[in-house]
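Notes for the one structure printed next.
The values are calculated or read from the model by the stated rules, or taken from the named source; none is laboratory data. Small disclaimer: the values here were computed from a predicted structure and weren't measured. In this analysis, Cβ positions are derived from the backbone assuming ideal geometry, glycine residues included, and neighbour counts consider all displayed protein chains.
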Amino acid sequence: MDFRLSDEQLALRDTVVSFCKGHFDVAAVASREARTWPETAQGGPAAPAAWSELAGIGVLGMLVPDEVDGVAPGGAAEVAIAFEELGRSLCLGPVLWSTLAAPLVPGVEAGEVRVAGVRVEPGRPAGAVAVEHAPESDVLIVLYPDRVERLATADLPVSVAGEPFDPLTPTAVFESLPSGTVVGGAEEAARLALLGTALSAALLVGTAQGALDVAAGYAAQRKQFGVPIGSFQAVKHLLTDMYVRVALARSATYAAAAMIDDPRAGDAVRAASAAKLLAGEAGIGNGRAAVQVLGGMGFTWEMLPHYYLKRAWLLEQGFGTSDNHALALADTLAAEPGVALDGTTTVVNG
């Protein structure tokens, strides 16, 4: 089996990288936010030109089946490749939910409609609901365990006070959500949850890589005692750990996406849980490590590390936290024949 990216996938990645450089200048994020804080503390929407071009390069419609042959132009693997680069550039806008909902909501593929979304976890008690990107979106998708509902954001109640994890992401908090139009049953809800888990992991991988880029660049330039701090053993260890976290999370995420595209390759649900677990740890761990590499100024508005850390905190909350997926993986392992609850292997006769 060839695990290398195909020429088409490499071209897709290059296209998204070029798009991000043109519209999401990550190097300018910190200086812009520092100049305009606290006005930007609640985030801002993606610019219309950026959103239109994102649709133009095909990212938003990659999961939409073609009207002729019914085949989508991209699978989970291709979307994961694109999303990793979007996460690396701290992209703005409801990219994840818009891409997921594009097959269900007309106008998303063309960039005419933006979709926010929220997943209601099984057994979650009733209460306030935080919805990222609600202020800039036209449609809200609510993912319940047994159905998928759609409603216009104009029909949402007035939001209550709330503050986002990520200063780049506008967030609204609602006391409750009204009922919407059912656009899918339990099977569709499970499909979207699986895709959302893998693609949020891809965004986290990009976030972790971005934090590593910033930390490594700073360590190569910042000097103490006449030498770059990257030459110090303690800093080398931090950067090495960051690299390993990214590599593990990327491998797990690509594997999960491949299994979603071809279930014969393995258990896609288990793989997606493993990917979200490792990607969450990589995103948050690398964000914290980047702050540490930059020292006391790493968490100031003028520096990028805390933006990556806060984006990772935000993405960690969607489609199950690392703890949720760790418990889910433990349950699946414990249910396997020959595996004891304490992790030891037992022999099963027959």
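Scan region 116-147 for residues that are under 25 Å from A55 (Cβ atoms) and out of contact with any Lys or Arg (no Cβ under 9 Å at 6 or more places or on another chain) and report the count.
8
Across region 213-245, what is the number of residues that are surrounded by fewer than 24 Cβ atoms within 10 Å (Cβ to Cβ) and either touching a Lys or Arg at 6+ places or on another chain (Cβ under 6 Å) or assigned to a helix (DSSP H, G or I) (or both)?
Matching residues across region 213-245 total 21.
Any idea which residue in region 320-348 is modelled with the highest pLDDT, counting only those that are part of a helix (DSSP H, G or I) and charged (D, E, K, R)?
Initial filter on region 320-348 (part of a helix (DSSP H, G or I)): 322-334.
Then drop every residue that is not charged (D, E, K, R), which leaves 323, 331.
On the way: D323: 91, D331: 88.
Out of the qualifying residues, it is D323.
Inside region 135-150, can you point out the residues that are within 22 Å of L92 (Cα to Cα) and surrounded by fewer than 18 Cβ atoms within 10 Å (Cβ to Cβ)?
P135, D138 - these are the residues of region 135-150 that are within 22 Å of L92 (Cα to Cα) and surrounded by fewer than 18 Cβ atoms within 10 Å (Cβ to Cβ).
Taking region 86-108 on its own, how many of its residues are in a loop (DSSP other than H, G, I, E, B) and within 19 Å of L314 (Cα to Cα)?
Total satisfying the criteria: 6.
Can you tell me which residue is modelled with the lowest pLDDT among those in region 152-162 that are over 23 Å from the mean Cα position of the chain (by Cα) and not in a loop (DSSP other than H, G, I, E, B)?
So, considering only residues that are over 23 Å from the mean Cα position of the chain (by Cα) and not in a loop (DSSP other than H, G, I, E, B), the one modelled with the lowest pLDDT is V160.
For region 96-120, what are the residues that are closer than 18 Å to F19 by Cα and either touching a Gly at 6+ places or on another chain (Cβ under 6 Å) or crowded, with 24+ Cβ neighbours inside 10 Å (or both)?
If the condition is that a residue be closer than 18 Å to F19 by Cα and either touching a Gly at 6+ places or on another chain (Cβ under 6 Å) or crowded, with 24+ Cβ neighbours inside 10 Å (or both), then L96, S98, T99, E109 are the ones that fit.
Could you tell me whether A46 is in contact with a helix residue (DSSP H, G or I) (Cβ under 6 Å, 6 or more places away or on another chain), surrounded by 18 or more Cβ atoms within 10 Å (Cβ to Cβ) and at pLDDT below 95?
Criteria not met by A46.
Kindly indicate whether G111 is touching a helix residue (DSSP H, G or I) at 6+ places or on another chain (Cβ under 7 Å) and part of a loop (DSSP other than H, G, I, E, B). Spell out the reasoning first.
Numbers: touching a helix residue (DSSP H, G or I) at 6+ places or on another chain (Cβ under 7 Å): yes; part of a loop (DSSP other than H, G, I, E, B): yes.
Here the answer is yes, as G111 does meet what is asked.
With R250, R270 as the choices, which residue is farther than 30 Å from A220 by Cα and either surrounded by fewer than 21 Cβ atoms within 10 Å (Cβ to Cβ) or modelled with pLDDT of 95 or more (or both)? So that I can check it myself, show each step before the final result.
Working: R250 fails: farther than 30 Å from A220 by Cα.
Result of the check over R250, R270: R270.
Could you tell me how many of the residues in region 122-150 are assigned to a loop (DSSP other than H, G, I, E, B), of a type in the set (D, E, K, R), free of Cβ contacts under 8 Å to residues at least 40 places away in the same chain and under 18 Å from V182 (Cα atoms)?
Here is the first cut: in region 122-150, the ones assigned to a loop (DSSP other than H, G, I, E, B) are 122-128, 133, 137-138, 144-147.
Right, trim to of a type in the set (D, E, K, R) and you get 124, 138, 146-147.
Subset that is free of Cβ contacts under 8 Å to residues at least 40 places away in the same chain: 124, 138.
Of the ones still in play, those that are also under 18 Å from V182 (Cα atoms) are 138.
Of the residues in that region, 1 qualify.
Just checking, does region 199-208 include any residue being touching a Gly at 6+ places or on another chain (Cβ under 9 Å), of a type in the set (S, T, Y) and not in a helix (DSSP H, G or I)?
no
Within region 64-85, is there a residue that is surrounded by fewer than 24 Cβ atoms within 10 Å (Cβ to Cβ), modelled with pLDDT of 95 or more and assigned to a loop (DSSP other than H, G, I, E, B)?
No, region 64-85 has no match at all.
Can you go through D323, D331, D262 and tell me which one is under 30 Å from L5 (Cα atoms) and either hydroxyl-bearing (S, T, Y) or out of contact with any Pro (no Cβ under 7 Å at 6 or more places or on another chain) (or both)?
D262 is the lone residue from the list that is under 30 Å from L5 (Cα atoms) and either hydroxyl-bearing (S, T, Y) or out of contact with any Pro (no Cβ under 7 Å at 6 or more places or on another chain) (or both).
Yes/no matrix, rows are residues, columns are (1) out of contact with any Ser or Thr (no Cβ under 7 Å at 6 or more places or on another chain); (2) touching a residue at least 60 places away in the same chain (Cβ under 8 Å); (3) not in a helix (DSSP H, G or I):
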position	(1), (2), (3)
V269	yes, yes, no
A279	no, yes, no
N286	yes, yes, no
V291	yes, no, no
G296	yes, no, no
F299	yes, no, yes
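Considering only region 163-182, state which residues are of a type in the set (A, V, I, L, M, F, W, C), under 24 Å from the mean Cα position of the chain (by Cα) and either surrounded by fewer than 17 Cβ atoms within 10 Å (Cβ to Cβ) or in a helix (DSSP H, G or I) (or both).
V173
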